[in-house]
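Structure record follows, encoded as structure tokens.
Coordinate-derived values only; no laboratory data. The shown structure was predicted, so the numbers you read here are calculated from the model rather than taken from an experiment. All Cβ positions, even for glycine, are placed from backbone atoms using ideal geometry, and neighbour counts span all protein chains on display.
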Amino acid sequence: MKMCGKKGVALFKRILEALQKRYFTVWFLALIVLILVPNSYMHETPTQFAFSFAILVCHFWLFWTPKSLWTPLRTECVTLLIGLVTIIKALAGGSETIGLLFPLVIFVGVRMEEKRALIYATGLGLIGLLLLIKDHSFFSPHLVPFALTFIGCYVGAKGYRVQFDAYEQNQLHLEQLQKAHAQLKEAHNELQEAAVHTMQVAVLEERTRIARDLHDQLGHSLTSLIVQLHALQFMLKNGPSDAQEAVRNMLYVAKHSLEDIRGSVHTLASDQSSLGLAPLRAFLSQTEKNTGLRCKLVADDPELGLTQTISIAFYRILQEAVTNTLRHSEAGQLDVIVTQDDTHCYMCIRDDGKLTPGETIAPGFGLSSMKERVTELNGSLSYTAVEPHGFEIKVVIPYQDIA
């Protein structure tokens, strides 16, 4: 019983929602029924009244059916059919049925395009006038009220159609604006993420460069100073004791300074905390958004932990590879595969460009700079054309040789 009660309440709610969505239709049809039904009931036989009521039900169905189901051909066929039935009923049962042309012309005004609607409305109006003249006379007082009411129904229907179309257009524009806003927001977030990762990579590269410069310049200078202090210590072997003590102190300070510099440089340059795949993923996502090149990143582990040094190298190599793909290959798809084992990290970049096996590959500045970057890390880089067409770059970088 409870289940039946719940189903009944749900059904009532659905009916109520449908009535609310078709408020204008319900109000209009109720008005038509109140105007036409009493008149037909008083002046027609039960059979004629049943026929008139059936036509009213057809009109109700016309307005209740969703707009999306009314194709131009279907609208015209149904209008002709109901109009023909109404005219036959008027010819057989008197002029009371002529009032059923009012809801039909409203349907024509609401559902048909402007030119076709005007043709059908004019035809229905003329037929209605002829039926009135047939049942009464050419000078019947019913002609003018009928004509004015008929024209009013048509003009009102067209006005409603214009207003409804404008409302639908505004709703469509609003949906498009909301969709565009969501896309812009998503693109903005991705751009921010890509910018953060790019800045992070740039900072790490700059830090590595500073560490290398400190090691090469300051370390070399301190080493030279220590060598010279050793020589001075030997030269002052038989000299004053205070001079020998001063040299020993300077030598001690220089050695410890060199050790501190080396420790700082090693910490600065070999911070192996993980950047992972985030920079690569952000760069590919931004590339796909901005260029239309479909990009896909595949990894053994979505949270693959690449060291900063390898992440930077892979990021710069991928940047150069994507640039070459966009400039030269006319590719539509680019796949990046990143894997690792106990000793090495691997990256494979493959596109579906126009290059075919057997064609000569002339390494330009981009490939040369990629190879140079990998060589600095004691790794290897190879490239080749793939079947049936496309270009592939393979990068291998060892873990243990990265300082």
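Things worth noting here:
- On the basis of the beta-carbon distance and an R0 of 35 Å, residue 92 and residue 155 show a calculated FRET efficiency of 0.70.
- Extension gain for residue 291 to residue 133 (0.36 nm times residue separation, less C-alpha to C-alpha distance): 49.7 nm.
- Local electrostatic count, residue 332, Cβ distance below 13 Å [Lys/Arg +1, Asp/Glu -1]: -1
- About its Cα centre, the dipole of segment 278-398 is roughly 400 debye, where the only charges are +1 on Lys and Arg Cβ and -1 on Asp and Glu Cβ.
- Model label points for residue 298 and residue 179, set 7 angstrom from Cα along the Cα-to-Cβ axis, are 3.2 nm apart.
- Extreme residue, positive dipole direction of segment 278-398, given options 382, 345, 369 (C-beta unit charges): 369
- Put the Cα centre of segment 62-90 next to the Cα centre of segment 331-403 and the gap is 68 Å.
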